[in-house]
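Let me begin by presenting the structure, written as structure tokens, before commenting on it.
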Amino acid sequence: MKNYNHKKIENKWQKEWEKKGVYNAKSPSTRAKLATGRLKNKKFYSLIEFPYPSGDGLHVGHPRPYIGMDIISRYKRMQGFNVLYPIGWDAFGLPTENYAIKTGKDPKVVTKENSNTFRRQIKSLGISFDWSREINTTDPKYYKWTQWIFLQFLKKDLAYKAKIAINWCPQDKIGLANEEVVNGCCERCGAKVEKREKEQWMLAITKYAERLDKDLDTVNYLPQIKLAQRNWIGKSEGAEINFVVRQDLTISIKVFTTRPDTIYGATYLVLAPEHKLVNLITTPSQKNYVTNYVTKSKKKSDLDRMNAEKDKTGVFTGAYAINPATKEKIPIWIADYVLASYGTGAIMAVPAHDERDFEFAKKYNLPIKQVIQPVFGIENKRDDVVHRNTITGIVKSRDGKKVLMLKWKEYDWLSGVIGGINEGELPEKAAEREVLEETGYKTRAIFVSPISIESHFYAEHKNEWRSRIDHPVVLELLSDEPEVVLPREKEKHEIKWVDIKEIFASTMFGNNKLALELALSQSAYIGFNGKHKDSLVNSGQFDGLDSEKAKKEIVKFVEGEEKITFKLRDWVFSRQRYWGEPIPVVHCEKCGVVPVPDKDLPVELPKVKNYQPTENGESPLANIKSFVDTRCPLCKGKAKRETDTMPNWAGSSWYYLRYTDPKNAKEFASMKNLRYWLGVDPVRSRARDVVASPSDRGTATSNGVDWYNGGNEHTTLHLLYSRFWHKFLFDLKLVPTPEPYKKRTSHGMILGEGGVKMSKSLGNVINPDEMVKIYGADTLRLYEMFMGPFDQSVAWSTESIIGARRFIEKVWRIASYLQQQENSVSRKSHPEGEGSSAQNFPVADKLVSPDTLTQDFLLRNVNHSQRYTGSLTKLLHKTIKKVSEDIEDMHFNTAISAMMILATEMEKTKTVSVKDFKMFLQILAPFAPHATEELWTMLGEKNTIHLSDWPKWHEGLIKDEEIKIAVQVNGKVKAEIIIPADDGEKEVTRKALAHKAILGFMAGRSVQKTIYVKNRLINIVV
RNA sequence: GCCGGAGUGGCGAAAUUGGUAGACGCGCACGACUCAAAAUCGUGUCUCGCAAGGGGUGAGAGUUCAAUUCUCUCCUCCGGCACCA
């Protein structure tokens, strides 16, 4: 057998696999014929985000997710699943277009060149993609259906045109995508970006907001992905309430609030500058100020708004509204901290309970009225211990005011130190009574301070001095008697005098200074930031009511309407660019907007000479007369084509559907194929309604793509957009499931050496071609999976890749040795085997009989991560188990580590049988497909390893007869003992105490108790 | 500011229903083999200490027989969002 040479085997096997179609998914139509073989009806659809073929080619970061999902796909294939693991090109987009502008090259040609490079690079890694299903979003046969789906949106009135503000670069005279705006300036020329109103196509994703939020309960996404989606959708429940401005003119202002319970504290209203009632209500005397302010804020760019974040501005309209709860007249202001686009564009300001309102009220001297008070006497229950606050001391503020200090106390030790408890009275109640009786003070303001005050106390039940850090709660006192009271001197507390400057309060606002300021200046009550109950004060008939209950009752009382609002905005679907799908509509003077009939789809991109957008910001298509001038499909009169194109999110919103039926010319995908691959196959499983379960914690009840892995950067937009499209298609009964993806995970980025982003400009890009050339694809694959946890970003290190290579070489040497052994058995006359390159491999004399290992080996290999004892076969089966489980959890790094341990042991002990070694090759195959295939064949196998049956581990072989446990004294490890696995506690204790190291420790001490943790340790407390 | 994620040897990292911290790999040192080198194999490699023993998972505290893991406060780094009422 020759030495390991990746160059000789990798390309060979890649060609062989492709020729035989080893990785091609079987369609449901051909499935029946194959049903007798290993491809029964189990299917598995694994998906990666298809790449954007850029001119730079692949860098080593790109393949990480492909390799990860490749391992999973190969693993599933070996388990007998019919696996669909497809790939394609998401090729519309700006970089290609900008390149076209610069060079005058046709983007189509550029895309072709780039995807050729990407394809060659990806193929050289031996990823088991089904290349027969390759798609390209810029292929008219593909974007025909993107356009067709758009027209379905149009027919259902979910696509519409609206005037909205876009980012406009005055120098380049083009509209910019958000990602092209860097710090408020144009990414290319650096000019300051302006806002400009333009007609844009929109998709009404907000109509699906509720379902997009709710159905997250039915899918198995990583929790942080669900959270990101939820935050982006931004559902908030509240109410709309009318504030009457002028009875005679029946003008009223509708506000949206999530806190109707605070309405008694609403001391003014604020309208967004763009609010339509602004002109109507402004009084003549204020007119000038208001007009000025409105014009000024309209001019403000996003950058200005960002800079102005801390400084709130506004102007009084001169008008007043009636607070429907208090019936009081409150002023109406205009301020740009209120957004026109959210809620109703108007708010009721409650400065006592909203940070922004508070800031504004302070600046313009508006009244602040406190209406929420936390319930005194906080009770936290955790670990079955009740934590309560009690008053323990008094501190003096800077201005001489006395404040009571509360401390978080713990029930258990408090009971030991407080005297004078009344029968049946809780100790902390007693303390509270004691202090309040002694001081006669009552609380007015209350806030929790996160600064910690160290105190020392004598814990009687422990019989020792202890110190602890307390987090005092500070109460402002009603009385101004400058008397200091030290309650409970028994407790030997050190009462600290604290300058009030040092105390920062933590409140419901999360702003400490604000709370302190408010507490001292307004004498207002402020709530706790945490587990507490808010109740209403200064709220008329609702006083004392729980905040949550009050919300509902007050909405009824003021005749408001409960309302759910979302942060999510409709999707701007137009780009004034060339390199995108043309929006397939025609503008007819008589008939208006007319969709292009299905038979005329696709509307293909015409050839143009110049890809530069036009002077007035229209797409380059607007300059192509032959494209623009057309006939109206309805009246056959003169008409003009739409020249806007779709954003690059369009093609990727449904590509996973096309993979199931990539060549279908009649529909975007047949229902038959969709039902099969999305898991609603009528043959195997009945289609079922998906019921949302609010208690869902990652269990999928939906069907869809079985496993979709992608980048964190796409967890909001792409994921949300494609869920939206899918739900829409579901409503049209064109797809069989309400959700596209059953499971979604993310991978971490690969950074450049030194932990910075890999980029061309930094010159730290590592090209996989070079790695494949030097080390081989298998080494690169192993290293990328071994370098760190799959979901975490990790810095590339060319220095470390050698470890993966050595591992493969080690596996190779073992195989050589085994083959040599076989040869020497069959040809006894040549025991050394001839022409062997395994010359460095010592043989024969060091052999021990199979399944019998030396005591030395046993001791060496009982380690923490993989507590194994016994034979190599045992270790093999443990490794099979670990690798199988780790693959499912994407813990590829630890799976490889386990296989390295096994390989080292195999080489060291030379006790491995060919049968066992082949099993090892099988579990390694998803990671290093080429080398394992080669060795598999060399060891006499005829069929590919990648469709062989995944090895099963035997539970009986995994159990240990002997285990090694630690012996601790007072929690510190002092010795280790080996015991039979079924030893009882008594026996183990006896053995532990008999150990000589322990005997030494025990001299002069007696055992208080022992704690025995089965298979782990025994702890002796002295 | 808010929302996520993360802080463990010289480096990438293991270990979380609390139970022997540093598996595995890189690097480094020494040894074997070799005329020599490479490759390979072996030994060692958190830290203080000759040792016996201590200390140690960003900092500080708490709970516990036992804390990288749980609780609290704080710090740093990375990613996302920016006045969403």
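The values are calculated or read from the model by the stated rules, or taken from the named source; none is laboratory data. Note that this is a predicted model, so its numbers are computed, not measured. Cβ atoms come from the backbone with ideal geometry, glycine included; neighbour counts cover every protein chain shown. Ligands, DNA and RNA are excluded from the accessible area calculation, which covers all protein heavy atoms including side chains. Shrake-Rupley method; radii C 1.70, N 1.55, O 1.52, S 1.80 Å.
Data overview
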{"read-out": "Selection within the range A:114-159 - in contact (Cβ under 8 Å) with a residue 40 or more places away in the chain, in a loop (DSSP other than H, G, I, E, B) and not hydroxyl-bearing (Ser, Thr, Tyr)", "value": "A:Leu125, A:Gly126, A:Ile127, A:Phe129, A:Asp130, A:Glu134, A:Lys156, A:Asp157, A:Leu158"}
{"read-out": "Any hit, the range A:261-272, residues being within 30 Å of A:Ala159 (Cα to Cα) and open to solvent by less than 30 Å² (accessible area, probe 1.4 Å)", "value": "yes"}
{"read-out": "Residue check, A:Leu947 open to solvent by less than 70 Å² (accessible area, probe 1.4 Å) and under 30 Å from A:Ser816 (Cα atoms)", "value": "yes"}
{"read-out": "Scope the range A:977-1017; condition touching a helix residue (DSSP H, G or I) at 6+ places or on another chain (Cβ under 9 Å) and assigned to a loop (DSSP other than H, G, I, E, B); matching residues", "value": "A:Asp983, A:Val1007, A:Lys1014"}
{"read-out": "Selection count where residues are in a loop (DSSP other than H, G, I, E, B) and either of a type in the set (Asp, Glu) or touching a helix residue (DSSP H, G or I) at 6+ places or on another chain (Cβ under 7 Å) (or both), scope the range A:939-965", "value": "11"}
{"read-out": "Conditions (1) surrounded by 21 or more Cβ atoms within 10 Å (Cβ to Cβ); (2) assigned to a helix (DSSP H, G or I); number of the one not met by A:Lys287", "value": "(1)"}
{"read-out": "Within the range A:963-981, tally of residues that are among the basic types (Lys, Arg) and more than 9 Å from RNA strand B (Cβ to nearest atom)", "value": "0"}
{"read-out": "Count of the range A:237-269 residues which are near RNA strand B (Cβ under 8 Å from one of its atoms) and either modelled with pLDDT under 90 or touching a Phe, Trp or Tyr at 6+ places or on another chain (Cβ under 7 Å) (or both)", "value": "2"}
{"read-out": "Every residue from the range A:752-784 that is within 16 Å of RNA strand B (Cβ to nearest atom), in a loop (DSSP other than H, G, I, E, B) and open to solvent by 10 Å² or more (accessible area, probe 1.4 Å)", "value": "A:Glu753, A:Gly754, A:Gly755, A:Val756, A:Lys757, A:Met758, A:Ser759, A:Ser761, A:Leu762, A:Asn764, A:Ile766"}
{"read-out": "Cβ pairs under 9 Å, 6+ apart, first in the range A:952-965 and free of Cβ contacts under 8 Å to residues at least 12 places away in the same chain, second open to solvent by less than 40 Å² (accessible area, probe 1.4 Å)", "value": "A:Glu955/A:His877; A:Gly956/A:His877"}
{"read-out": "Residue count, the range A:559-589 (criterion: in a loop (DSSP other than H, G, I, E, B), farther than 22 Å from A:Asp106 by Cα and open to solvent by less than 60 Å² (accessible area, probe 1.4 Å))", "value": "5"}
{"read-out": "Inter-residue pairs, beta-carbon under 9 Å, first at pLDDT below 90 and of a type in the set (A, V, I, L, M) and in the range A:560-583, second in a strand (DSSP E or B) and open to solvent by 10 Å² or more (accessible area, probe 1.4 Å), 6+ apart", "value": "A:Val572/A:Ala162; A:Val572/A:Ile164; A:Val572/A:Ile166; A:Val572/A:Met202"}
{"read-out": "Test: residue in the range A:734-751 that is in a loop (DSSP other than H, G, I, E, B), over 30 Å from A:Phe150 (Cα atoms) and modelled with pLDDT under 95", "value": "yes"}
{"read-out": "Any hit, the range A:211-233, residues being open to solvent by less than 20 Å² (accessible area, probe 1.4 Å), among the small types (Gly, Ala, Ser) and either within 10 Å of RNA strand B (Cβ to nearest atom) or in contact (Cβ under 8 Å) with a residue 12 or more places away in the chain (or both)", "value": "no"}
{"read-out": "Which listed residue is in contact with a strand residue (DSSP E or B) (Cβ under 7 Å, 6 or more places away or on another chain) and surrounded by 20 or more Cβ atoms within 10 Å (Cβ to Cβ), from A:Pro86, A:Pro65", "value": "A:Pro65"}
{"read-out": "Conditions (1) of a type outside the set (A, V, I, L, M); (2) more than 9 Å from RNA strand B (Cβ to nearest atom); (3) under 28 Å from the mean Cα position of the chain (by Cα): number failed by A:Ser793", "value": "(2)"}
{"read-out": "The range A:982-1007, subset within 8 Å of RNA strand B (Cβ to nearest atom) and farther than 30 Å from A:Lys959 by Cβ, residue most open to solvent (accessible area, probe 1.4 Å)", "value": "A:Phe1001"}
